[in-house]
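Enquirer: This is the structure, below, for whatever I ask next.
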Amino acid sequence: MTQTKADVTIGVHPNNHSLFVLRRLGFLEELLKDLNATVAWVDYTDGARTPLRIASGEIDFGGTGSTPPLTAQASGIDIVYVAVSNPRTASGALVVRKESPVQSVADLKGLRIALSEGSWHTSFLATALDKAGLLYDDVARADVGNAGAKALLAGEVEAWVGNDPQLTELHNKGLVRTLVPLESHISHRSVWFAGRDFATNQPQLLKAVVEALQQADQWIQDNTREAAELFARDLPDWPSADSWEAALRRRPWGLQPITEEFITEQQRVADLLARQHILPKSIVVSDAVLPAPVEIGGE
């Protein structure tokens with residue numbers, strides 16, 4: 001795809017809720033008016049490919065879970081971390097069907113697990129398996145994207161690395177049982193990152209993007225039902241507005257700066273993924289931290 005002529009191009013996919021909402025609110029467009037700048041949006045569904053879109057020049061900025069930026073570094077893609085969310089440990093889990101005989105992670109050896117390969121699911125599953133003394137390749141993985149809930153209920157897989165809003169809906173219907181909660185495994189933060197050239201050469205544009213994201217997160221927090229209806233409207237194949245509302249209320253909002261705590265979290269996961277050859281090589285996470293971090297206002 002040809003790079004647009006906008007001053008900043010942002011990737012948007014449904015699993016980064018902040019960017020999905022920001023793309024529909026106009027907050028960034030208003031902020032950019034003062035800079036005589038414009039924004040273009042690139043919509044796609046596979047968040048794990050966000051670093052590849054940055055590498056190709058298709059987008060300047062994107063947001064995902066914690067795994068894609070690690071993959072980017074290990075693949076030689078020059079990204080830099082911009083901001084993160086607080087931990088979102090209520091927004092995901094490794095689940096099985098309510099009546100499943102599986103009672104522990106050890107029971108999963110040789111069984112099929114649905115996930116979105118390359119997303120935060122990879123880091124979570126690898127960590128959970130490692131703690132149970134298993135390797136990533138000790139299970140059969142079914143990379144089904146957002147169809148994991150359907151695969152689980154249909155009996156096509158024995159477990160699913162689930163995320164909201166589908167996870168909330170299945171729990172509310174009493175159809176699944178949590179085998180492994182996120183807590184104590186990974187922090188499950190949203191992570192926003194950019195190409196280094198863009199972040200270094202366009203600090204005012206980057207600051208505007210961060211400010212607009214803060215505004216979008218505040219809007220979701222203050223208008224949760226309206227936000228839920230927005231998601232349900234634009235993603236008709238996903239759960240209902242009620243499930244979206246419950247899911248949105250379960251997670252924290254607001255952007256946080258890149259801290260040593262976050263870098264340590266990422267490095268621990270990166271080392272595990274490299275040790276199990278999920279990443280092609282070892283990386284130093286701090287190499288992707290800007291010398292002068294973006295200032296983030298608010299709480």
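Enquirer: Where both partners of a DSSP beta bridge lie in segment 31-169, what percent of those bridges are antiparallel, to the nearest 5?
Expert: Within segment 31-169, antiparallel bridges account for around 40 percent of the total.
Enquirer: I've got another one for you. Going Cα to Cα from residue 33, which aspartates and glutamates come in below 12 Å? Please leave out same-chain ones fewer than 8 positions away.
Expert: Within reach: 7.
Enquirer: So if I take the centroid of the Cα atoms in segment 241-282 and the same for segment 70-148, what is the distance between those two points in Å?
Expert: 11 Å
Enquirer: Here is a further query. Using the alpha carbons of segment 1-59, what is the convex hull volume per residue in cubic angstrom, as a whole number?
Expert: 74 Å³
Enquirer: Can you tell me the accessible area per residue over the chain, all protein chains present, probe 1.4 angstrom, in square angstrom? It would help to have the intermediate numbers written out before the result.
Expert: Working: 12840 Å² over 299 residues.
That works out to 43 Å² for each residue.
Enquirer: Let me ask something else. Rounded to the nearest 5, what % of the DSSP beta bridges within the chain are antiparallel ones?
Expert: In the chain, approximately 60 percent of DSSP beta bridges are antiparallel ones.
Enquirer: OK, next. Can you give me the relative contact order of segment 1-149 as a percent, contacts being Cα pairs under 8 Å and 6 or more apart? Can you show the working numbers first?
Expert: Numbers: 181 pairs, mean separation 31.5, N = 149.
In percent, rounded to a whole number, it is 21.
Enquirer: Moving to a separate point now. Can you compute 3J(HN,Hα) from phi for each residue in segment 50-57, using the Karplus curve 6.51 cos²θ - 1.76 cosθ + 1.60 with θ = phi - 60°, rounded to whole Hz and x for Gly and Pro?
Expert: So the J values, rounded to whole Hz, are 3, x, 5, 5, 5, 4, 7, x.
Enquirer: Would you please give the residues with an amide H less than 5 Å from that of residue 41, counting only those at least 5 places away or on a separate chain, with H modeled from the backbone geometry?
Expert: 10
Enquirer: Measure off, as a whole percent, the carbon and sulfur share of the 1.4 Å-probe accessible area of segment 140-299, all protein chains present.
Expert: 47 percent
Enquirer: Would you work out which of 74, 162, 286 lies farthest towards the positive end of the dipole of the chain, given +1 charges on the beta-carbon of Lys and Arg and -1 on that of Asp and Glu, about the Cα centre?
Expert: Of the listed residues, the answer is 162.
Enquirer: Still on this structure, I have one more. Quick check on the chain: helices-only [θ] at 222 nm, where DSSP H runs of length 4 and up contribute -39,500 (n - 2.57) each and the sum goes over total residues. Nearest 500, please.
Expert: -11500 deg cm²/dmol
Enquirer: Same structure again: Once the Cα atoms of segment 112-209 are picked out, what are the Rg and Dmax in Å?
Expert: 16.9, 51
Enquirer: Here is a further query. If you filter segment 71-117 for trypsin sites (Lys or Arg not before Pro), then keep DSSP loop positions with at most 15 other Cβ within 10 Å, what is left?
Expert: 98, 109
Enquirer: Which whole-number percent gives the relative contact order of segment 116-249, counting Cα pairs below 8 Å spaced six or more residues apart?
Expert: Over segment 116-249, the number comes to 25 percent.
Enquirer: Using θ = phi - 60° and the Karplus relation 6.51 cos²θ - 1.76 cosθ + 1.60, list the HN-Hα couplings for segment 248-261 in order, rounded to whole Hz, with x at every Gly or Pro.
Expert: 5, 6, 7, 10, x, 10, x, 8, 10, x, 6, 10, 4, 4
Enquirer: Suppose each label sits 7 Å from its Cα in the direction of the beta carbon; what would the residue 46-residue 33 distance come out to in nanometres?
Expert: Distance between label points: 3.9 nm.
Enquirer: While we're here: Cross-link list 150/281; 131/281; 131/207; 5/281; 109/281: which exceed 29 angstrom alpha carbon to alpha carbon?
Expert: Result: 150/281; 131/207; 5/281 exceed 29 Å.
Enquirer: Highest first, please rank the peptides 7-19, 57-69 by the mean number of other Cβ atoms sitting within 10 Å of their residues.
Expert: 57-69, 7-19
Enquirer: Note the direction-averaged projected area, equal to a quarter of the hull surface, for the Cα convex hull of segment 1-144, in nm².
Expert: That works out to 10.7 nm².
Enquirer: Under a no-solvent Debye model with one identical scatterer per Cα of segment 221-288, what's log10 I(q)/I(0) at q = 0.12, 0.24, 0.26 Å⁻¹?
Expert: Cα-only, vacuum Debye calculation for segment 221-288: -0.58, -0.88, -1.00.
Enquirer: Largest first, please: the extent of the C-alpha atoms of the chain along each principal axis, to the nearest Å.
Expert: Projected onto the principal axes, the Cα atoms of the chain cover 60, 42, 37 Å.
Enquirer: Just the Kirkwood number for segment 190-262, please: inverse of mean 1/r across all distinct Cα pairs, in Å, one decimal. Working shown, then result.
Expert: On the way: mean 1/r = 0.0707 Å⁻¹.
Taking every pair of different Cα atoms in segment 190-262, averaging 1/r and inverting gives 14.2 Å.
The values are calculated or read from the model by the stated rules, or taken from the named source; none is laboratory data. Remember, it's a predicted structure, so these values are computed and weren't measured experimentally. So basically every Cβ, Gly included, is an ideal-geometry build from the backbone, and we count neighbours across all protein chains shown. Keep in mind that these areas ignore ligands, DNA and RNA; they rest on the heavy atoms of the full protein, side chains included. Shrake-Rupley method; radii C 1.70, N 1.55, O 1.52, S 1.80 Å.
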